[in-house]
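None of the figures in this text is laboratory data; all of them are computed from the coordinates on show. Here the structure is a predicted model, which is why all the values come from computation and not from measurement. No Cβ is skipped: glycine too gets one built from the backbone with ideal geometry, and neighbour counts run over all protein chains shown.
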Amino acid sequence: MQPYAFFHKEFMPLSQAKIGILTHAFHYGTGCFEGIRANWNEKQQKFCIFRLKEHYLRLHNSCRILKIVPPYPVDVMCQLTEEVVQRSGYRENLYIRPVAYKSSEVIGVRLHNLEDDFFIIATPLPPYLAGSSVRCGTSSWVRVDDRMIPARGKICGIYVNSALAKTEAYENGYDEAILLTQDGHVAEGSGENVFLVKGNLLVTPPPSDNILEGITRQTVMQVAQEEMGINTTERHIDRSELYLADECFFTGTAANIAPIAEIDHRTIGTGGVGHITSRLCDLLKDVMLGENPKYTEWYTLITPGPAES
Ligand SMILES: Cc1ncc(COP(=O)(O)O)c(C=O)c1O
């Protein structure tokens, strides 16, 4: 059992996959990536990789922004991912991280006249925000704008913006940051989308407010509509609207649904997990484990390979 990689067109233990220190993406952030969940379903003794195809469609879009030529079509990337998961031998939740990047070992800031490469790794997934009620602070760092680095691409360099915000939040005693756009509207967390609940409605910022169009975000919108009859409005959100919401929560592959208890030292709702957030968490748990037959097109079910010692 060990983290596995697909690297340089071969499968290998992660410990053997190494890049040179001059690699372009390492210096300039010129790569893009995905974060994909393989949830371990103990009952079925199978992994459920969640919305695998949608993640690779998004990776292909990120590649277009960065002028990276994807080495494989989406369906082949999906097959390679299945094999990485199988080979790892784990029987627990895994985080899958494919990266497409500028691989030339040269100095010089640009996107043109460079080689591209691609790898996939799969490694156990530690809990992230989920389970707890999250305390947030509005960040003094502003979300990158589409004219700076397009946030709809999951681009390595963007995560400096996220890291600055996350560490500022941590050092100020919070669990997570909420970043605003240049004109002061709510964008998202450092690695999650944000929703508020007001009455029987979900509200979340639109893609034009410099968010990553999260796959969990879309999942929650669809499941809320189909299973609970709750609609989502995508519109600008003011910071103070979050303070006055009935409930707030984050969504993301790593975080799933993470209820927000407090923002800028203001308790949200009752400070506990609100009933709509709680119901969505329950619904999502089943959906993400591949247990809801209505959403089978979202599931890639994988039988793990033999567990090595
Ligand atoms: C900045 C940012 N926003 C939102 C998300 C949530 O997206 P998804 O639900 O596709 O994981 C992520 C995680 O990938 C992220 O990094």
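Relative contact order for region 52-130: what is it in percent, counting Cα pairs under 8 Å that are at least 6 residues apart?
32
Any chance you could check the Cα centroid distance between region 104-133 and region 212-249 for me, in angstrom?
28
For region 134-273, what does the relative contact order come out to in percent, with C-alpha contacts under 8 Å and a separation of six or more?
Reported as a whole number, the value is 25 percent.
I need the peptides 231-239, 161-169 ranked by packing, meaning the mean over residues of other C-beta atoms within 10 angstrom, with the highest value on top.
Ranking the peptides 231-239, 161-169 by packing returns 161-169, 231-239.
Which entries of 18/46; 9/154; 53/102 have Cα-Cα distances beyond 27 Å here?
Violating the 27 Å limit, Cα to Cα: 18/46.
Which aspartates and glutamates, if any, have their Cα less than 18 Å from the Cα of residue 294, not counting same-chain residues under 8 positions apart?
Those aspartates and glutamates meeting the cut-off are 54, 226, 227, 282, 286.
Would you work out which of 157, 263, 232 lies farthest towards the positive end of the dipole of region 134-273, given +1 charges on the beta-carbon of Lys and Arg and -1 on that of Asp and Glu, about the Cα centre?
157
Remind me, relative contact order of the chain in percent, using alpha carbon pairs under 8 angstrom and six or more residues apart?
Reported relative contact order: 22 percent.
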